[in-house]
Amino acid sequence: MHELGITRNIVSIVSRHAKGARVKRVSLEIGKLSAIMPDAIRFCFDVCSRGTELENANLEIIEVAGRKKCRDCQLITETNQVFGACECGSWNTSPVAGEELRVKEMELV
Ligand SMILES: [Zn+2]
C-alpha cells in the first residue's frame with residue numbers, strides 16, 4: 001500500500017508549515033488518474049497524524065476528474081484511464097488533468 005508513504009509525506013509537509021500550531025482542517029486534491037485511493041489515505045491519515053499537529057484534524061479530500069487530450073484532433077475528454085483511445089480512433093492521447101496530488105488548503109486552530 002503506497003498510500004502509507006504518501007500520507008506520511010503529506011503529514012510531514014503540513015506539520016512543517018503548521019510550525020507547532022494545531023491543524024484543524026487539511027484539504028487534499030487527488031486526481032482520479034493518480035492511482036491513489038482516497039479511502040486508503042483517510043485510513044493512513046488517522047495512523048500517521050497521531051501525536052502530530054494534525055491529530056484529529058478534519059481531512060477533506062477533493063477528487064479531481066481525469067481528462068485526456070488527443071494530440072491528433074485536440075479533443076479533450078473525461079477519462080478514468082491514463083491510457084485510452086480518443087473518439088476519433090487515435091491512441092495519441094495524454095492526460096491533462098487527474099494525476100495531481102496536492103495539499104490545497106490547511107486551516108490552523
Ligand atoms: Zn482525437
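Need the failing condition index for W91 against (1) part of a loop (DSSP other than H, G, I, E, B); (2) among the aromatic types (F, W, Y); (3) touching a Leu at 6+ places or on another chain (Cβ under 6 Å), just the number.
Just one mismatch for W91, condition (3).
Being assigned to a helix (DSSP H, G or I) and of a type in the set (D, E) is the filter; apply it to the stretch 2-50 and report the residue that is surrounded by the most Cβ atoms within 10 Å (Cβ to Cβ).
We begin by selecting, within the stretch 2-50, every residue assigned to a helix (DSSP H, G or I); these are 3-18, 38-49.
Now restrict to residues that are of a type in the set (D, E): 3, 39, 46.
Numbers: E3: 20, D39: 9, D46: 12.
Looking at the filtered set, the residue picked out is E3.
Return the residue satisfying two criteria in turn: it lies in the stretch 69-109 and is of a type in the set (A, V, I, L, M) and farther than 30 Å from V11 by Cβ, and of such residues it is modelled with the lowest pLDDT.
Residues of the stretch 69-109 of a type in the set (A, V, I, L, M): 75-76, 82, 85, 96-97, 101, 103, 106, 108-109.
Next cut, farther than 30 Å from V11 by Cβ only: 75-76, 85.
Working: L75: 97, I76: 97, A85: 94.
The residue in question is A85.
Could you list, in sequence order, all residues of the stretch 52-65 that are crowded, with 16+ Cβ neighbours inside 10 Å and either within 16 Å of the ligand (Cβ to nearest atom) or over 20 Å from the mean Cα position of the chain (by Cα) (or both)?
Just the residues of the stretch 52-65 that are crowded, with 16+ Cβ neighbours inside 10 Å, to begin with: 53-54, 57, 59, 61, 64.
Result: E53, single match.
Looking only at the stretch 77-109, count how many residues are farther than 16 Å from G31 by Cα, near the ligand (Cβ under 10 Å from one of its atoms) and either surrounded by 12 or more Cβ atoms within 10 Å (Cβ to Cβ) or touching a residue at least 12 places away in the same chain (Cβ under 8 Å) (or both).
Of the residues in that region, 7 qualify.
If a residue has to be more than 30 Å from S94 (Cα to Cα) and β-branched (V, I, T) to count, how many in the stretch 27-58 make the cut? Please lay out each step first, then the result.
Initially, the stretch 27-58 is screened for residues more than 30 Å from S94 (Cα to Cα), giving 43-58.
Next cut, β-branched (V, I, T) only: 47, 52.
Here the count works out to 2.
Could you go through the stretch 4-27 and let me know if any residue there is touching a Lys or Arg at 6+ places or on another chain (Cβ under 9 Å), under 17 Å from M106 (Cα atoms), among the charged types (D, E, K, R) and in contact (Cβ under 8 Å) with a residue 60 or more places away in the chain.
no
Output the residue which, of all residues in the stretch 66-76 that are out of contact with any Asp or Glu (no Cβ under 7 Å at 6 or more places or on another chain) and assigned to a loop (DSSP other than H, G, I, E, B), is surrounded by the fewest Cβ atoms within 10 Å (Cβ to Cβ). Talk me through it step by step, then tell me what you get.
Of all residues in the stretch 66-76, those out of contact with any Asp or Glu (no Cβ under 7 Å at 6 or more places or on another chain) come to 68-74, 76.
Next, only the ones that are assigned to a loop (DSSP other than H, G, I, E, B) stay: 71-74.
Numbers: R71: 13, D72: 12, C73: 13, Q74: 9.
Checking each candidate, the answer is Q74.
The values are calculated or read from the model by the stated rules, or taken from the named source; none is laboratory data. A quick note: this is a predicted structure, and the numbers were derived from the prediction, not measured. In this analysis, Cβ positions are derived from the backbone assuming ideal geometry, glycine residues included, and neighbour counts consider all displayed protein chains.
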